[in-house]
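All remarks here apply to the structure that follows.
The values are calculated or read from the model by the stated rules, or taken from the named source; none is laboratory data. Here the structure is a predicted model, which means the values were calculated and not measured. Ideal geometry is used to build each Cβ from the backbone, glycine not excepted, and the neighbour counts take in all protein chains shown. The area values use the complete protein model at the heavy-atom level, side chains included, leaving out ligands, DNA and RNA. Shrake-Rupley method; radii C 1.70, N 1.55, O 1.52, S 1.80 Å.
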Amino acid sequence: MPNSNSAKRSLRKSETRRLRNRSSRSELRSAIKNARTAIAGDDSQAVVKALQTATKKIDQAAAKGIIHKNAAARTKSRLAKSANKATAE
């Protein structure tokens, strides 16, 4: 347990940040999962919409520092590549 007042305050702040990051990370993972599910399906309109949503969530997470910017770029690239491959067939 923290002893000083500043350490106690820091603990409260880090707990708030942890919960906020956890929520954002969960939304991000759900958006990516929805995009992958849409890509596996047949509806091309659903693929486009899910890909846009996932891309936005990925960019927001990278901007907030929840994930690294290179990890965000890599994830977006892989999603787009698989979406293009699925719609081309």
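Identify the residue in the stretch 61-89 that is more than 30 Å from ARG17 (Cβ to Cβ) and of a type in the set (Lys, Arg) and, among all such residues, is modelled with the lowest pLDDT.
That would be LYS85.
Condition test on ARG9, is it surrounded by 11 or more Cβ atoms within 10 Å (Cβ to Cβ), under 21 Å from the mean Cα position of the chain (by Cα) and either acidic (Asp, Glu) or farther than 25 Å from ASN84 by Cβ (or both)?
Spelling it out, it is not the case that ARG9 is surrounded by 11 or more Cβ atoms within 10 Å (Cβ to Cβ), under 21 Å from the mean Cα position of the chain (by Cα) and either acidic (Asp, Glu) or farther than 25 Å from ASN84 by Cβ (or both).
Which residues, taken from the stretch 38-89, are acidic (Asp, Glu) and in a helix (DSSP H, G or I)?
Across the stretch 38-89, the qualifying residue is only ASP59.
With the condition kept exactly as written, say whether any residue in the stretch 16-27 is exposed (fewer than 13 other Cβ atoms within 10 Å of the Cβ), in a helix (DSSP H, G or I), polar (S, T, N, Q) and under 9 Å from the mean Cα position of the chain (by Cα).
Looking through the stretch 16-27, at least one residue is exposed (fewer than 13 other Cβ atoms within 10 Å of the Cβ), in a helix (DSSP H, G or I), polar (S, T, N, Q) and under 9 Å from the mean Cα position of the chain (by Cα).
How many residues are open to solvent by 80 Å² or more (accessible area, probe 1.4 Å) and farther than 16 Å from THR87 by Cβ when one looks only at the stretch 32-59?
Of the residues in that region, 3 qualify.
Residue-by-condition table, conditions (1) at pLDDT 95 or above; (2) not polar (S, T, N, Q):
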| position | (1), (2) |
| --- | --- |
| GLU15 | yes, yes |
| ARG25 | yes, yes |
| SER30 | yes, no |
| LYS33 | yes, yes |
| ASP43 | no, yes |
| ALA46 | no, yes |
| ALA50 | yes, yes |
| THR53 | yes, no |
| ASP59 | yes, yes |
